[in-house]
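Reviewing the structure listed below.
The values are calculated or read from the model by the stated rules, or taken from the named source; none is laboratory data. The structure presented is a predicted model; accordingly, all values stated were derived computationally and were not measured. Here Cβ is always computed from backbone atoms with ideal geometry, including for glycine, and neighbour counts include all displayed protein chains.
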Amino acid sequence: MKEFERVVLKNESLQVEIIPELGAKISSIKMLPSGAEILQQPLAPYAERTRTMAFDESDASGFDECLPTVSACKFETDAGRIAVPDHGDFWRIPWTSTQAGHGLEMQATGFSLPLEFTKNLRLEGNELAIHYTIRNVGDAPTEFSWSAHPLFVVDAGDRIVMPPSVTTVVVEASAKNRLGASGKRYAWPNAKLDSGMAIDLSECGGIKDEVGDKLYAHAPQEGWCALDRLKLKTRIEVRFNPQESPFLGLWLCYGGWPEGGANRQQCVALEPCMAPLDSLATASAKGYTRKLEAQQKYAWSVFVRIQPAAV
């Protein structure tokens, strides 16, 4: 089994591990001094990726980036129709990396679309700051969609916390049709199903629940969302600029995915993103993609803050 180089950033509050060769994956975020892990750990051994494999064929863990799409799709460009793979290009290819103190800069260039992606990680006290830049290295305009993909491990009873501006969510997909078809809208956090059953979407479940729901909301105007880890007495807060990332994806997985896997996720992903749809093609058709002219850049940031829970 191949061993992959790990880069470690560490200060008095956090220890972060990154694997540049595996898509610049953030494989571990540990709180110090306790050493408690906040990311979903691998469901399968780390291994090299191909350009066509599905995300559920990988370790399905940690914190990856989805660019230029979340779901696999066929996408029309000026040069013709292309295939964009599941969860995009960048989780599956090696990145270059340069470390300096509490910071790490990484870069890679995609293969489905001419996008150069730079990610700069820096530890600042109890916060991991992630600064992103995308550059269109092609000679024609190109569209893209991006979503953060941090899989935060949870225990049953943990809580997803949203600020007051988040009042509704929309279904993208739901395992075993628990929440109905794509496009179905529910109140947040207390959803009432067509059957009359009430569900508190903010309460995390257990591995035996077989829940796997992907939801979207408009980005909180307050610029944050959070996860309260009750046993750890810890709040994991994801902060971002809603003008830069105008939507928020929510992946609620309590044993419901991957469907054919021997091991299954028990995690919540809080995903600042640029479109309220998984498919780049669908997002483009509905006017949600970003567009870069040749050599144009776009920059934005996300911050993961670890602090005592407010419960």
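A few notes on this one:
- Lys30 meets all of the listed conditions (1) among the charged types (D, E, K, R); (2) modelled with pLDDT under 95; (3) touching a strand residue (DSSP E or B) at 6+ places or on another chain (Cβ under 8 Å) but one, namely (2).
- The numbered conditions (1) in contact (Cβ under 8 Å) with a residue 12 or more places away in the chain; (2) charged (D, E, K, R); (3) over 17 Å from Gln243 (Cα atoms) are all true for Lys286 except (1).
- Evaluating Thr142 against the criteria (1) touching a residue at least 60 places away in the same chain (Cβ under 8 Å); (2) within 21 Å of Glu5 (Cβ to Cβ); (3) of a type outside the set (A, V, I, L, M, F, W, C) leaves one unmet condition, (2).
- Single match in Gly103, Gly138, Gly125, Gly88 (criterion: at positive phi and out of contact with any Phe, Trp or Tyr (no Cβ under 9 Å at 6 or more places or on another chain)): Gly125
- Count of residues meeting criterion [touching a residue at least 60 places away in the same chain (Cβ under 8 Å) and not in a strand (DSSP E or B)] in the range 107-122: 1
- Any hit, the range 42-52, residues being among the basic types (Lys, Arg) and farther than 30 Å from Ile82 by Cα: no
- If the condition is being within 19 Å of Ser182 (Cα to Cα) and either among the charged types (D, E, K, R) or free of Cβ contacts under 8 Å to residues at least 60 places away in the same chain (or both), then the range 233-251 contributes only Phe247.
- Selection status of Gly183, within 21 Å of the chain's Cα centre (by Cα) and not in a strand (DSSP E or B): yes
- Selection status of Arg235, charged (D, E, K, R), touching an Asp or Glu at 6+ places or on another chain (Cβ under 9 Å) and closer than 26 Å to Lys208 by Cα: yes
- Strands (runs of 3 or more DSSP E) wholly inside the range 10-106 that include at least 3 residues being of a type in the set (A, V, I, L, M), exposed (fewer than 15 other Cβ atoms within 10 Å of the Cβ) and free of Cβ contacts under 8 Å to residues at least 24 places away in the same chain: none
- Single condition Ala294 does not satisfy, out of (1) small (Gly, Ala, Ser); (2) part of a strand (DSSP E or B); (3) more than 18 Å from Gly249 (Cβ to Cβ): (2)
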